[in-house]
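Remarks on the structure that follows.
Laboratory data are not the source of any read-out in this text; all were calculated from the coordinates shown. If you're wondering where the values come from, they're calculated on a predicted model, not measured in any experiment. Note that each Cβ is placed from the backbone with ideal geometry, even for glycine, and that neighbours are counted across all protein chains shown.
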Amino acid sequence: MKTVPRLTTPRLVLRAPGERDILAWFARASDIESASLAGDPVADDISAGARWLALARQRLADGRAIKWSIDQPGVADAIGTITLSFGANEAKAAALGFVLGRAHWGQGLASEAAREVVRYAFETLALEQVTAEAAARNIASLRILAKLGFKHVGSFIDESDGEQCERFVLDARIGPLVLANQA
Ligand SMILES: CC(C)(COP(=O)(O)OP(=O)(O)OC[C@H]1O[C@@H](n2cnc3c(N)ncnc32)[C@H](O)[C@@H]1OP(=O)(O)O)[C@@H](O)C(=O)NCCC(=O)NCCS
């Protein structure tokens, strides 16, 4: 996979990240609550944006991840990102992650993007498993994963911040059935 596939949902367009996304990335990445919920470091300098984009492109080129910028037609900047990350030893599995800018929370948009990316993971990439991790206090993420049929498989403490996190798995026997029922 050397290019980011363009995906569409009723309200969203998912496409390759670019230079024009750096400002919106910085707004998200410097939001302390959002970064803490996602378990990400808080960005304090927009110069990190160029590294963020270079890393996304490098990981795509290496086959380690596909990161999409999420556009909502009518909204000037990308509203967030969603990512599938591939583990070195798990050719048929990927980890799902998503972040939206605060102004776009609470409208069902992350659910919509996640549904489409999970569909892509099973139908196009033919993955056997999609995994996800979320902080135990991240109610919105836990709810999104539950709606998609992810199964809770364990808990752990994130050593970087002491946060209790939950681990989830959706496998190819269940995921497509859940998606078909929601179509
Ligand atoms: C997590 C995040 C992407 C969710 O985005 P969103 O578009 O607001 O999510 P959605 O609206 O699609 O769905 C959220 C669900 O959680 C529910 N929810 C959110 N907060 C809730 C709360 N405090 N109590 C109960 N339910 C809650 C919503 O009602 C919705 O469920 P529903 O569809 O059954 O009504 C967004 O909050 C975010 O970017 N957070 C910071 C980064 C982050 O945490 N990323 C995930 C890392 S695992």
Inset, instruction - For segment 57-74, just list the computed ³J(HN,Hα) in residue order, Karplus coefficients 6.51, -1.76 and 1.60, θ = phi - 60°, integers in Hz, with x standing in for Gly and Pro. - result: 5, 5, 5, 5, 4, 7, x, 9, 6, 10, 10, 10, 8, 9, 9, 10, x, x
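Please get the size of the charge dipole for the chain, origin at its Cα centre, with Cβ charges of +1 on Lys and Arg and -1 on Asp and Glu, quoted in debye to the nearest 20. Show your work: numbers first, answer last.
Working: 21 positive and 22 negative charges, 144 e Å.
It comes to approximately 700 debye.
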Legend entry - the chain, helix-only ellipticity at 222 nm - DSSP H runs n ≥ 4, -39,500 (n - 2.57), divided by all residues, nearest 500: -10000 deg cm²/dmol
Inset, instruction - With θ set to phi - 60°, apply the Karplus curve 6.51 cos²θ - 1.76 cosθ + 1.60 along segment 165-171 and write out the HN-Hα couplings as whole Hz, x wherever there is a Gly or Pro. - result: 10, 10, 10, 9, 9, 10, 10
Legend entry - Sorted by Cβ neighbour density within 10 Å, fewest at the top, the residues Thr124, Thr81: Thr124, Thr81
Inset, instruction - Please work out how much length the chain gains when fully extended from Glu163 to Gln182, using 0.36 nm per residue of separation minus the C-alpha to C-alpha distance, in nm with one decimal. - result: 3.6 nm
Inset, instruction - Please report the Cα spread of segment 40-128 along all three principal axes, rounded to whole Å, starting with the longest. - result: 35, 30, 20
Legend entry - In Å, descending, principal axis extents of the Cα set of segment 144-183: 38, 17, 11
Inset, instruction - Determine the distance separating the Cα centre of segment 1-66 from the Cα centre of segment 113-169; give it in Å without decimals. - result: 18
Legend entry - Residue-by-residue Karplus 3J(HN,Hα) for segment 10-19, coefficients 6.51, -1.76, 1.60, Hz, glycine and proline x: x, 10, 9, 10, 10, 8, 4, x, x, 4
Legend entry - Cβ-based exposure ranking for Val130, Val4, in which fewest neighbours within 10 Å come first: Val4, Val130
Legend entry - Least to most buried among Trp105, Trp25 (fewest other Cβ within 10 Å first): Trp105, Trp25
Legend entry - Estimated D of segment 7-182 in µm² per second, where Rh is the Kirkwood radius over Cα pairs and Stokes-Einstein applies at 10 °C, 1.306 mPa s: 96
Inset, instruction - Report, ordered by chain and residue number, the aspartates and glutamates lying within cross-link reach of Lys92, taken as a straight Cα distance under 16 Å and ignoring same-chain residues fewer than 8 apart. - result: Asp62, Glu123, Glu128, Asp171
Legend entry - Label point distance in nm, Thr124-Ala50, each placed 7 Å from Cα along Cα→Cβ: 3.1
Inset, instruction - Considering the options Ala29, Ala93, Leu55, tell which one lies farthest towards the positive end of the dipole of segment 25-183, charges being +1 on Lys and Arg and -1 on Asp and Glu at the Cβ, about the Cα centre. - result: Ala93
